[in-house]
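Each value in this text was obtained by applying a stated rule to the coordinates, not by laboratory testing. Computed from a prediction, not measured in an experiment: that's the story for all the values here. For neighbour counting, all protein chains shown are included, and Cβ atoms are generated from backbone atoms with ideal geometry for every residue, glycine included.
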Amino acid sequence: MASTDLGEMKLQRSRRSGSIGLVLLIAVVLVGAAIGLLQVGRGNTSLYILILLAVLGMVGVFSLFALASGILRFGGQDADDTDIRGLVDGAFDGILVTDQSGRVVYANAAYMHLIGAPSQKDIRPIERVFLGDPDVSEAVYRLVKAAREGRRLQEEVRIGGARGEPGRWLRLRVRPGGEGRKSRTTIWSVADVTRDREKQENVFQELQHAIDYLDHAPAGFFSADGAGNIVYLNATLASWLDQDLAEVGSGGLRLADIVPGEGASLLSLPAAPGEVKTEVLDLDFKTRGGRSIPVRLFHKVAFGADGTPGPSRTLVLNRARGENEDAQRAAEVRFMRFFNHTPMAIATVDRSGRVVRSNALFARMFRDAPDAQRNILSTVVERERAGLEQAIAKAGQGQGDIAPVEAALASGNERFATFFVTAIDDDAERDQESAIIYALDVTERRALENQIKQQQKMDTVGQLAGGIAHDFNNVLSAIMMATDFLLGAHKPTDPSFADIMQIKQNANRAASLVRQLLAFSRRQTLRPQVLDLGESLSDLTILLRRLIGEKVKLDVVHGRDLWPVKADLSQFEQVIVNLAVNARDAMPDGGSLTVRTSNVAAGDPRLASHKGMPDADYVLVEVADSGTGMTPEVMAQIFEPFFSTKEVGKGTGLGLSTVYGIVKQTGGFIYVDSALGKGTTFRIFLPRHVQEAEAEEPAAEKPAIAEALAAAGKLAEAAQADLTGRGTVLLVEDEEGLRALNARGLASRGYTVLTASNGVEALEELEKNEGKVDIVVSDVVMPEMDGPTLLKEMRKKNPDLKMIFVSGYAEDAFQKNLPPDGQFAFLPKPFTLKQLVEQVKTTLAQ
């Protein structure tokens, strides 16, 4: 717009008139002064000339100042003002200039035409032109308010059309003539935009028709963004799928809601940055009710410069069976449905391994592998690509019977797959598609196989260790019994007394080693009790500080309100001590050892990060050190028996295997996290013990072994100074030397002892004495007849017969073939003479 502040122009013209008059006055004065000088005389001419020049200099300086400040202007400016006025008068938009009080200063011809003013005296301001028009009054009010505040504003209003005449659309604008509120004028403009509005309405109507045509086209159409949200769905496709169009675009409808199974993976295949990918896909869509509809998709998506997919454009053809459908089309639809819904990833490749086509499961299975959709060789790690490449080469040559290839995937998360490669029969097609590859994810199978192998290995070694421990316990029992006899026959002052004590101490150390073997094989006898792990660790803190030394800082952090657990206290202490000693050895230059406890409720994310652990409530014990850490290869073997990273002679390799066995036998789980230079953390999850559930159990249903172990745990309290007694004891032991020593020890305390080498002989001995036996002391594992079977047979003849079982690993034996009413006592091997006679006397007194 070529509009200016015309009021300001008038003021400036008046100023210029005053300036011209001033200049003329100065010129007259100078001319008069010159004439006066001529009349005064020629004698003072030099002085008068100097005075005149001074006056002219002052006039020149004043003129320059006036010209710079705008007081004085040249006559050419009037010509410019005339041009600007002519430009404003000839403008298409109506222009109105008002002063601060709202009076009209200037209006051009276009404004007069728009408001219908026949002459200058009929010109009215904007607010008076539309006075009384309710459709325009609000807009005019906002414009007038903006004019008062010195702001710019634009409004579009519709006028006329009340008597059947076509209405008009006007665009009203207002702006200050100067800077904001300081301006003394306001410039208004009025433009007729009726034709522009008509064009917009026509375009909108055409767009509405296009949308209506697209919505009701005989084909479906949808668009989805890169995140899988459907941003547009036409009415035809919504009708096929029984979907609500109101949910589209608000995040309420996703690709996974209309594409079942893995089909959505085919619609989000990666591509190179900037690439525009167009594909023809045959898939199944699903309705809201779950019914499947076979469709063919013409899918187009453009990828940005960073490789992120943009909104897709997808045309959908319904391929459901119709009345006039031919057999070939039906077979094609059926094949594509089988192809995309098979539980095996399938792809066809050329001789170089480039993927020609693939099904939905292939797209999902290898979506994390780089370039998997372009070349199948990139799906496996580089070290194992040669095998798959050779199989594809054989298929390209038309060979059959190609061996499957099992390889680790390049996804970086320890996944494995087996690739079955078959050749294309048609030689003509083999140049484009040389092989069909079936891929089967075997990650879970590999993990299960490794777990079974590890379990079998541990069980085998455990059986071996348990068998050795059982036989060794018999030997140790004989040694310990013999040393007891020797100590009873020698005084402390005897020179051989110290040697005998040395033998006994070594026997006790050997018994401790045997207990480790039994703990590893999970065949040791546990005496579980309800524990508060916080209190148990507090009692153990002083011992731990002595074990780890002064260089290692110990920090024990107790969780609040720890749940109770049921475990053998001594065995739990052994677990913590073993882990603390290992941590100390991993920190030769010092460091920190942290023992932390906490509750882990079912559903806790920490449970999901550990495989093989049921979702339940646990009490977590963490033992973390800042030591040297371990490599993944070492971590894979730390729980194996006899594996040790220590020097020869400084470790048996049974410490962590013992820890593993104790935790497993208690019903818990143990995991380890470690990294070289960053320390090691062992996490032990022990199941929460619910006391209420145990209190509801009937006492008669508790296993007999629990009562036997409880009685054995009270032996120390029931010990008496007088260990002599009377009664007939039937001693059943298959180890001849141990049987003789046990019989000798019992006889020395006043008991009548009958002996048998197995259960059959024991029954015969019972018949010979007509059942007059007060108590039976029997081994558990024996040839011909074991201890539980012997108990069952003897109770048939004498229900009140008392029984004591002795064994190195009694738990496995007691869990099978026990009579329902079997009451017995238990004495674990190896035992001393004092422990044997204490148990016999206590059982007889019960």
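5 Å is the cut-off here: which amide hydrogens, built 1.01 Å from N in the peptide plane, fall below it relative to residue 727, excluding neighbours closer than 5 in sequence?
752
State, to one decimal in nm, how far the label point of residue 506 lies from the label point of residue 440, with both points 7 Å from Cα in the Cβ direction.
Distance between label points: 5.9 nm.
Please give the length that would be gained between residue 541 and residue 152 if that part of the chain were fully extended, namely 0.36 nm times their separation in residues minus their C-alpha to C-alpha distance (nm, one decimal).
Taking residue 541 through residue 152 to full extension adds about 132.1 nm, to one decimal.
Mind checking the full-extension length gain between residue 141 and residue 592? Use 0.36 nm per residue of separation minus the Cα-Cα distance, one decimal, nm.
In short, 154.6 nm is gained.
Cα-Cα over 18 Å: which of 772/802; 792/841; 792/834?
792/841; 792/834
For residue 384, what is the net charge nearby, where nearby means another residue's Cβ is under 13 Å from its Cβ and Lys, Arg count +1, Asp, Glu -1?
Once all neighbours under 13 Å are counted, the net charge is 0.
Search the structure for amide H atoms under 5 Å from the amide H of residue 406, placed 1.01 Å from N in the peptide plane, and list their residues when 5 or more places away or on another chain.
419
Computed FRET efficiency, Cβ-Cβ of residue 570 and residue 673, R0 41 Å: what is it to the nearest 0.05?
Efficiency for this residue pair is about 0.90.
How much net charge surrounds residue 742 when only the other residues with a Cβ under 13 Å from the Cβ of residue 742 are counted, with Lys and Arg +1 and Asp and Glu -1?
Value of the local net charge: -1.
Determine the sum of side-chain charges near residue 685: Lys and Arg each +1, Asp and Glu each -1, restricted to other residues whose C-beta is under 11 angstrom from that of residue 685.
0
How would you order 598-606, 488-496 from highest to lowest mean count of nearby Cβ atoms within 10 Å?
Output ranking for 598-606, 488-496: 598-606, 488-496.
How far apart, in nanometres, would the label points at residue 800 and residue 357 be if each is projected 7 angstrom from Cα along the Cα-to-Cβ direction?
The answer from the label model is 8.9 nm.
Which loop-located trypsin sites (Lys or Arg not before Pro) does the stretch 747-780 contain, where loop means any DSSP state but H, G, I, E or B and the Cβ has at most 14 other Cβ atoms within 10 Å?
Answer by residue number: 772.
Which of the peptides 755-765, 826-836, 542-552 is most tightly packed, and how do the rest follow, going by the mean number of other Cβ atoms within 10 Å of each residue?
826-836, 755-765, 542-552
Let's test the formula: R0 of 51 Å, r as the Cβ-Cβ distance of residue 449 and residue 219. What FRET efficiency results, to the nearest 0.05?
Rounded to the nearest 0.05, the efficiency is 0.55.
Hey, rough spin-label estimate for residue 633 and residue 101, points 7 angstrom out along Cα→Cβ, what's it come to in nanometres?
10.2
Suppose the chain between residue 133 and residue 532 were pulled fully straight at 0.36 nm per residue; how much longer would it get relative to their current alpha carbon spacing?
Separation in residues times 0.36 nm, less the Cα-Cα distance, equals 135.0 nm.
By average Cβ neighbour count within 10 Å, what is the ranking of 275-285, 792-802 from highest down?
Listed from highest to lowest mean packing, they are 275-285, 792-802.
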